[in-house]
1. For 116, 182, which order do you get if you count the other beta carbons within 10 Å of each Cβ and list the fewest first?
2. Can you tell me what share of the DSSP beta bridges in the chain is antiparallel? A percent to the nearest 5 is fine.
3. When only alpha-carbon atoms are used, what values of Rg and Dmax, in angstrom, describe region 62-114?
4. Charges only on Cβ, +1 for Lys and Arg, -1 for Asp and Glu: so what's the dipole of the chain about the Cα centre, in debye to the nearest 20?
5. Any chance you could give the angle, 0 to 90 degrees and rounded to 10, that helix 193-214 forms with the longest Cα principal axis of the chain?
6. In whole percent, what relative contact order does region 135-265 give with Cα contacts below 8 Å and a gap of six or more residues?
7. Beyond 34 Å, how much of the Cα-Cα pair distribution for the chain remains, as a whole percent?
8. Which cross-chain or sequence-distant (5 or more) residues have an amide H under 5 Å from the amide H of residue 4, H modelled 1.01 Å from N in plane?
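Here, each number is a calculation from the coordinates, and none is a lab measurement. Given the structure is predicted, the values throughout are model-derived calculations rather than measurements. So basically every Cβ, Gly included, is an ideal-geometry build from the backbone, and we count neighbours across all protein chains shown.
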Amino acid sequence: MKVIRSPKRIQEICMSLKKERKIIGFVPTMGYFHEGHLSLVKVAKKKSDVLVVSIFINPTQFGPKDDFKRYPKDLKRDKRLLKEIGCNFLFVPDIKNMYPEGYDTYVEVENLTRLLEGVSRPEHFKGVTTIVAKLFNIVQPDIAVFGQKDFQQAVVIKRMVKDLNFFVKIIVAPTIREKSGLALSSRNMYLSDKEKNEALVLYQSLNLAKKMIESGERDSRKIKDRMKKLIQEKPMAKVDYIAINDSETLRPLKKLKGDVLISFAVRVGKTRLIDNIKIKV
Ligand code: PAF
């Protein structure tokens, strides 16, 4: 695996790979890998001739209250894990290379980013689409893999790809969970044992919603109320939002129909966790 720091260099490499008609698979990440990241890398590896992974902790997607400065890093371990999977190129740019002095261009998907996560993190998706657009222009991947865990991110990126005619296929890979059902996330490491134990209610609430739907419930309010009641039984859990939306347009649904996304953000102690399931009704 070659480690490349210069955007220009990896762009040249990728351009010559494209001339050789190689299929470039790409996974953008912020590093500090857990099994969730590695599952995305494995999906991309299977579907490509050459696998490129990027590690870049993107400052523009963090809000003032977010954890940019304390975002965890372990490049040595990440490199080892990528090598084991057979990654060909690891792109690790510096901030000054991605956002040099005078940087002034942003990519924004407007409506899809105003709801759900966008309500409490207003600038977040603008930062994500800007960096992903830049990375797509640099790496020019044929396929790029994102996780279902950040469902709205994947929907927003698909919209950007369609609207701006990027030549890349977006693949959304399933959420990886601990045996307990807790979705893997870099933020789980901030949870104390007690908080982690309380966080198990989150997956239970998704299962509760699933069971209600399976037994014929179609009223979104009733499902959200039952989920909220269950989560609130845990003293450390504070619901930010619970939402039921159309999984493609993200339109909020009163009556469940079609491909439905059930999602939430819940603070457990100081840690804000998100999770979701997609259900065909
Ligand atoms: O999902 C993430 O880790 C980030 O939002 C991404 C896509 C790498 C952009 O910085």
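1. Fewest-to-most Cβ neighbours within 10 Å comes out as 182, 116.
2. 55
3. When restricted to Cα atoms, region 62-114 yields Rg and Dmax of 15.8, 40 Å.
4. Rounded to the nearest 20 debye, it is 460 debye.
5. Approximately 70 degrees, to the nearest ten.
6. Taking the mean separation of contacting Cα pairs over the length of region 135-265, I get 16 percent.
7. More than 34 Å apart: 21 percent of the Cα pairs in the chain.
8. Those qualifying (amide H under 5 Å, at least 5 residues apart or on another chain) are 90, 91, 92.
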